[in-house]
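Enquirer: Have a look at the structure that comes next, please.
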Amino acid sequence: MRRDRRPRPPRVSRRRVLGQLAAGGFLLAGGPLNTLFAAGAPARLPECGPDPFAGAAFLDTLPLTGQGAVTLPFHQLLGRGLDARLVTDLSRLRPDRLITPTNEFYIRTSYPDRLQPPDPWIIRVGGAVGSDQTLRLDDLRSDEGSRGVSLMECAGNANPADFGLMSAAGWTGIPLDRVLERTTPLTTARRILISGADQHSTTSRRSTPGASWIFTPDELAEAGAFLATGMNDEALTPDHGAPVRLVVPGWYGAVAVKWVNEIRWVGDDEPATAHMREFAARTHQQGIPPLAREFAPAIVRHAAMPVRVERWRVGEDVMYRVVGILWGGRQVTDRLQIRFTHTEPYEPVAVCPAPETTRTWTLWSHAWRPRGPGRYRIVLRIDDQEIPTPRLDIYFYARDVWIA
Ligand SMILES: Nc1nc2c(c(=O)[nH]1)N[C@H]1C(S)=C(S)[C@@H](COP(=O)(O)O)O[C@H]1N2
Ligand SMILES: [Mo]
């Protein structure tokens, strides 16, 4: 347990930083409204060809930025309680480094310092027959096992300097359906509320304590939700929800309640929780729906962004290699396109090898020869009208690079 760790002072004004992070709203990257798919003719995807940088000399990596960007130190816990943040350095992703080491995995909300953990840890169960039931975490462990790699993204992942509230880990846990099987819901039960502890000594101006989300049993089953007890082959760390947290693969991190202490069966008219209301805009709801059943699933849709721009010397020339990630959504696609200024057309990006899963991110790279010096705003889109991309449509992940 790393209880003794103290955040080091950030290099920039803490107040500004935390204000920006906590805001977590949408930073519209500007630019003219996208005329998505207007161009018609679908671009042909290039094959996985020879490496255009074979034999070239790597020079350096250019920083990416964007509107409202705040440069933060990576992999350091900043702030406290609900305002605590640790951001992952996505620019270091490599084909052999696609799992985020636990000490680099992003943090939103640190371990509740006022929590008095029950020993042994128990989860209250409500809305079930024989209702003051409690589940002992230790009793659930017979169903514990590897749950595979899954990416997590904070719905407020909005800082173009890093977009670092996103990480991927290998998880260990207990399938949620195995947990629910141990309860007998009342006949009026339709949905499941899952809550976690949030007893922090510091109060937050923007976030409400008491993370909890309401799901249907089908949503949880379809996503393969589980109660995680470990990540990257070790027990969960306190800040990541020890001893037990929810993971709903493919959904925003906001639903991934940490320090789970209650599971409650509720009826169809259950109001949305304060936590759901707080995250309504960031999970793309229409307004702030009063009832839980009016919430659309908080699914991470297909998205893509550059994570670094490399400069290479190729013979007499300088060439650039844009490396990025593609993530989210349910169906695998490689129909990715990139654009560097709104006056130029989108070009296909070779996603090689093609992704096999959407449970985690896929790396792509793109050889680029800029027209000249200046600022370029890199945006991506998916060339498939069947695939909704609400965030790409509003240039949520647009990033700027300066070419000298
Ligand atoms: N109890 C509790 N659980 C929580 C939160 C919280 O504030 N309190 N934040 C949620 C949000 S918004 C995110 S993005 C994820 C972050 O999980 P991580 O810190 O392990 O990356 O935890 C979720 N679970
Ligand atoms: Mo989040």
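Every number here is computed from the coordinates shown, using simple stated rules; none is lab data. In this text the structure is predicted, and so the values were computed from the model without any measurement. Backbone-built Cβ (ideal geometry, glycine too); neighbour counts: all protein chains shown.
Enquirer: What nm distance separates the two modelled labels at ARG97 and ARG371, each placed 7 Å from Cα along Cα→Cβ?
Expert: 3.4
Enquirer: Here is a further query. Which value in deg cm²/dmol, rounded to the nearest 500, describes the helix-derived mean residue ellipticity at 222 nm for the chain, given -39,500 (n - 2.57) per DSSP H run of n ≥ 4 and division by the residue count?
Expert: -2000 deg cm²/dmol
Enquirer: Loop-only GluC sites (Glu not before Pro) in the range 289-357, please: DSSP not H, G, I, E or B, and at most 10 other Cβ atoms within 10 Å.
Expert: Listed in order of number, the matching sites are GLU316, GLU356.
Enquirer: With θ set to phi - 60°, apply the Karplus curve 6.51 cos²θ - 1.76 cosθ + 1.60 along the range 322-335 and write out the HN-Hα couplings as whole Hz, x wherever there is a Gly or Pro.
Expert: With coefficients 6.51, -1.76 and 1.60, one gets 8, 10, x, 10, 10, 8, x, x, 9, 9, 6, 9, 10, 8 Hz.
Enquirer: Sticking with this one: With springs only between Cα atoms under 10 Å apart, run a GNM on the chain and tell me which of ALA304, ALA54, ALA367 wobbles the most.
Expert: Looking only at ALA304, ALA54, ALA367, the largest GNM fluctuation is found for ALA54.
Enquirer: In what sequence do LEU115, LEU363, LEU392 fall when counting other Cβ within 10 Å, fewest first?
Expert: The most exposed by this proxy come first: LEU115, LEU363, LEU392.
Enquirer: Could you pull out the GluC sites (Glu not before Pro) across the range 141-207 that fall in loop regions by DSSP (anything but H, G, I, E, B) with no more than 14 other Cβ atoms inside 10 Å?
Expert: Answer in residue order: GLU181.
Enquirer: Amide H to amide H under 5 Å from TRP265: which residues, 5+ apart in sequence or cross-chain, H placed 1.01 Å off N in plane?
Expert: Those lying under 5 Å, H to H, from TRP265 are GLY126, GLY127, ALA128, LEU193.
Enquirer: Which order do ILE123, ILE214 fall in if you start with the one that has the fewest other Cβ atoms within 10 Å?
Expert: Exposure proxy ranking, most exposed first: ILE123, ILE214.
Enquirer: For the chain, which cysteines have no disulfide-compatible partner, meaning no other cysteine Cβ under 4.7 Å?
Expert: If one checks each Cβ against the other cysteines of the chain, CYS154 turn up with nothing under 4.7 Å.
Enquirer: Tell me, what ³J(HN,Hα) does each residue in the range 252-264 have, in order and in whole Hz, if you take phi through Karplus 6.51 cos²θ - 1.76 cosθ + 1.60 with θ = phi - 60° and put x for Gly and Pro?
Expert: Whole-Hz 3J(HN,Hα) from phi for the range 252-264: 4, x, 3, 8, 7, 3, 9, 6, 4, 10, 8, 10, 10.
Enquirer: Just add up the charged neighbours of THR341: K/R +1, D/E -1, any other residue whose Cβ is under 15 Å from the Cβ of THR341.
Expert: +4
Enquirer: Tabulate in residue order the Karplus-calculated ³J(HN,Hα) for the range 372-382, using 6.51 cos²θ - 1.76 cosθ + 1.60 with θ = phi - 60°, rounded to whole Hz; enter x for Gly and Pro.
Expert: The phi angles translate into x, x, x, 9, 10, 9, 8, 10, 10, 8, 9 Hz.
Enquirer: May I ask which residue of VAL401, GLY324, TRP364 lies farthest towards the positive end of the charge dipole of the range 320-404, with charges of +1 (Lys, Arg) and -1 (Asp, Glu) on Cβ and the Cα centre as origin?
Expert: Farthest towards the positive end: VAL401.
Enquirer: Please list the non-local residues whose amide H lies under 5 Å from the amide H of ARG308, H modeled 1.01 Å from N, same-chain partners needing a gap of 5 or more.
Expert: VAL323
Enquirer: Normalise the Cα radius of gyration of the range 217-328 by 2.2 N^0.38 Å (N = residues in it) and let me know the number.
Expert: Against the empirical 2.2 N^0.38 Å value, I get 1.48 for the range 217-328.
Enquirer: Shifting gears a bit: Output the 0 to 90 degree angle, nearest 10, between the alpha-carbon long axis of helix 14-23 and the longest principal axis computed from the alpha carbons of the chain.
Expert: Helix 14-23 sits at roughly 80 degrees to that axis.
Enquirer: Please give me, ordered by residue number, the trypsin sites (Lys or Arg not before Pro) of the range 190-283 that lie in loop per DSSP and have at most 16 other Cβ atoms within 10 Å.
Expert: For trypsin sites (Lys or Arg not before Pro) across the range 190-283 that sit outside H, G, I, E and B with at most 16 neighbouring Cβ atoms in 10 Å, the list reads ARG205, ARG206.
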